[in-house]
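Worksheet: the structure to be examined is printed underneath.
The values are calculated or read from the model by the stated rules, or taken from the named source; none is laboratory data. On a predicted model such as this, the values are computed, not experimentally measured, just so you know. Neighbour counts are summed over all protein chains in view; Cβ atoms, including those assigned to glycine, are modelled from backbone coordinates with ideal geometry. Side chains included, ligands, DNA and RNA excluded: accessible areas come from the protein's heavy atoms. Shrake-Rupley method; radii C 1.70, N 1.55, O 1.52, S 1.80 Å.
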Protein chains: 2
Amino acid sequence: MINKMAFKQIEKIDPIVDASSVKQYLLDLQNRICCFLELEEGKAKFLEDKWEHKEGGGGLTRVLAGGDCIEKAGVNFSHVSGRQLPQAATARKPELAHSTFQAWGVSVVVHPLNPYVPTSHFNVRFIMVEEDNHPPFWWFGGGFDLTPYYGFVDDCIHWHRMAKNACEPFGNDVYPKYKKWADQYFFLKHRNEQRGIGGLFFDDLNEWGFERSFAFVRSVSDHYIKAYQPIVEHRKQCTFSQKERDFQAYRRGRYVEFNLLYDRGTLFGLQSNGRTESILMSLPPLVAWHYNWQPLHGSHEAKLYEEFLPPKEWI
Amino acid sequence: MINKMAFKQIEKIDPIVDASSVKQYLLDLQNRICCFLELEEGKAKFLEDKWEHKEGGGGLTRVLAGGDCIEKAGVNFSHVSGRQLPQAATARKPELAHSTFQAWGVSVVVHPLNPYVPTSHFNVRFIMVEEDNHPPFWWFGGGFDLTPYYGFVDDCIHWHRMAKNACEPFGNDVYPKYKKWADQYFFLKHRNEQRGIGGLFFDDLNEWGFERSFAFVRSVSDHYIKAYQPIVEHRKQCTFSQKERDFQAYRRGRYVEFNLLYDRGTLFGLQSNGRTESILMSLPPLVAWHYNWQPLHGSHEAKLYEEFLPPKEWI
């Protein structure tokens, strides 16, 4: 039996867990994100792959590559079931180690061509654990974060303003809490370095009950588009040279390191025998590693490390 | 107290554990490997970085980059001590989870420029666990493996012939045992794919006693040079185009995935707060990820997957 005391007992106060509405919302969200990215891109289109999961369920992977504005973007929907929660989830919930589960999610990673356009990541997920003779036990997780190569204060303020706006209807403590969690989560311990300028991260969310939690997930999702779209539209007009492309390729190495060493979604997917190509579509198209590379003192590249990566209050 | 029955009790039959000879040998080995690589390279030279480890000890990292023959090579010596064995080691030895340790090692990864020259990896390590009132408890580990982009049967036979020759003085069962272990270890579970054509892998080696185990490590080390040198010398003369470079960059993605998801040395290093730049110098200089890329039927690229990566007896 699950030790439900590890989470708040929600089923009595909120018996209506509507997984089919979540699924419908996520499929629509995938469409909306692909539409906005295709509009910004202008030339290349998303290709689709439907796939099935070995243990049940499947997904719809949409990938755009080789565009004028977007070098590679993956927008993945999945709904999979499994006999056992992967270690990436049960590390925080050992009492659920032997439970069957279903997981619904949308994951987005956008790697723009222009190094002045930041990479962005968005993910929301809904996980439901099923046990005989008990109501289903569930939680939401997700968030978004921005990874610039060249920092612009205006972009950071706008990004975090949208993150705050997403949270505000749910309480004044929500943005600070999930902004801080993002700073802690999107962190490369082995480099003592943030992945980018953060945003929002939340997990194990069920204490608000289903309806309010789902409404929050919708708000975060809507605000991801509002946060990213103007930044792409604006920065894609910057001119760049091979020097900036080289720096972008080098910094993308950090993205690979984060995703393969720490990212919960990636490890959850790989450990649950997920579809590897869909999980790893988040990896950048072209990446460089240079031994012990350091930016020149006073350069725009150095400013990224000094002024943008250290966590701060942007608004 | 350590449950020494988990390993064979060796201290009574072999009290002389000569860590300083191991260290001397490894430093000399690092020199020899750099010399042979510089000879093959012809133009670029190794640069050196001495570094110290936070918890004690340090290392000497030697990196060559941007050569005519070698795009990037790292040859790392380290001798570090720590208050607690990292999880990457204690997963197999939970009884040692709270022991202080020292670790000596040489690690080599060579990423040639020419896609017809395979990437190679070599590592040997000596780990000593110390507890009050007990003789030190130790083991050796190591091995080498070859990762071709374009397969040549002659190279595979030569590589495994040298691996077998390294093992033969130590018993006829040694090569089959450690060749099989390499096939199991250098494997990307999430892709159901070998990293390359394998070679040798051994770990937890102490059952032969110190002298014989150390002699084996020396034999493996000497044979790595004999195995790799003629392949580099021969294949670096092949002409290549951007098409082969693209395939090399794509396949190098698998190398990154292996090192960050599975490699014991990498995870041991990162978990023991090692020097990140020295640990990750194994990552290739330029890497590409393409969503769901597949080689053309009947192509030289397809042959790698069909004829070279599936484990087989090469000799």
Single residue of the range A:61-98 satisfying the filter (closer than 25 Å to A:SER120 by Cβ and away from chain B (no Cβ under 14 Å)) that is most open to solvent (accessible area, probe 1.4 Å): A:ASP68
Selection from the range A:296-308 of residues that are within 28 Å of A:TRP181 (Cα to Cα) and either open to solvent by less than 60 Å² (accessible area, probe 1.4 Å) or within 14 Å of chain B (Cβ to nearest Cβ) (or both): A:GLU301, A:ALA302, A:LEU304, A:TYR305, A:PHE308
Which numbered condition B:LEU113 misses (of (1) open to solvent by 20 Å² or more (accessible area, probe 1.4 Å); (2) among the aliphatic types (A, V, I, L, M); (3) at pLDDT below 95): (3)
So B:ASP145, is it among the acidic types (Asp, Glu) and within 10 Å of the chain's Cα centre (by Cα): yes
Residues (open to solvent by 30 Å² or more (accessible area, probe 1.4 Å), away from every other protein chain (no Cβ under 14 Å) and in contact with a strand residue (DSSP E or B) (Cβ under 7 Å, 6 or more places away or on another chain)) located in the range B:186-220: B:ASP204
Meets criteria (more than 13 Å from chain A (Cβ to nearest Cβ), farther than 26 Å from B:ARG245 by Cβ, in a strand (DSSP E or B) and not β-branched (Val, Ile, Thr)) for B:PHE122: no
Output for the range B:234-262, where each listed residue is among the β-branched types (Val, Ile, Thr) and either in contact with a Gly (Cβ under 7 Å, 6 or more places away or on another chain) or more than 10 Å from chain A (Cβ to nearest Cβ) (or both): B:THR239
Number of the exception - B:PHE140 against (1) within 15 Å of the chain's Cα centre (by Cα); (2) under 30 Å from B:GLU244 (Cβ atoms): (2)
Residue count, the range B:127-163 (criterion: of a type outside the set (Ser, Thr, Tyr) and in contact with a strand residue (DSSP E or B) (Cβ under 9 Å, 6 or more places away or on another chain)): 23
Helices (runs of 4 or more DSSP H) wholly inside the range B:152-256 that include at least 2 residues being within 16 Å of B:ASN123 (Cα to Cα) and over 15 Å from the mean Cα position of the chain (by Cα): B:153-167, B:210-235
Residue within the range A:260-273 that is outside any helix (DSSP H, G or I), in contact with a Lys or Arg (Cβ under 7 Å, 6 or more places away or on another chain) and either at pLDDT below 95 or of a type in the set (Lys, Arg) (or both) present: yes
Search result, residues across the range A:46-88 that are within 17 Å of A:VAL106 (Cβ to Cβ), in a loop (DSSP other than H, G, I, E, B) and touching an Asp or Glu at 6+ places or on another chain (Cβ under 9 Å): A:PHE46
Condition check for A:TRP289: within 14 Å of chain B (Cβ to nearest Cβ), surrounded by 15 or more Cβ atoms within 10 Å (Cβ to Cβ) and more than 17 Å from the chain's Cα centre (by Cα): yes
Residue selected from the range A:221-271 under the condition among the β-branched types (Val, Ile, Thr) and more than 30 Å from B:ARG254 (Cα to Cα), by the criterion most open to solvent (accessible area, probe 1.4 Å): A:THR239
Scan of the range A:99-110 for residues that are open to solvent by 30 Å² or more (accessible area, probe 1.4 Å) and either touching a Cys at 6+ places or on another chain (Cβ under 6 Å) or within 22 Å of A:PHE122 (Cβ to Cβ) (or both), ordered by number: A:GLN102, A:SER107
Members of the range B:272-283 that are under 25 Å from B:GLY56 (Cα atoms), buried (at least 18 other Cβ atoms within 10 Å of the Cβ) and at the interface with chain A (Cβ under 10 Å from one of its Cβ atoms): B:GLY274, B:ARG275, B:THR276, B:GLU277, B:SER278, B:ILE279, B:LEU280, B:MET281, B:SER282
Count - residues of the range A:33-45 that are open to solvent by 30 Å² or more (accessible area, probe 1.4 Å) and assigned to a helix (DSSP H, G or I): 3
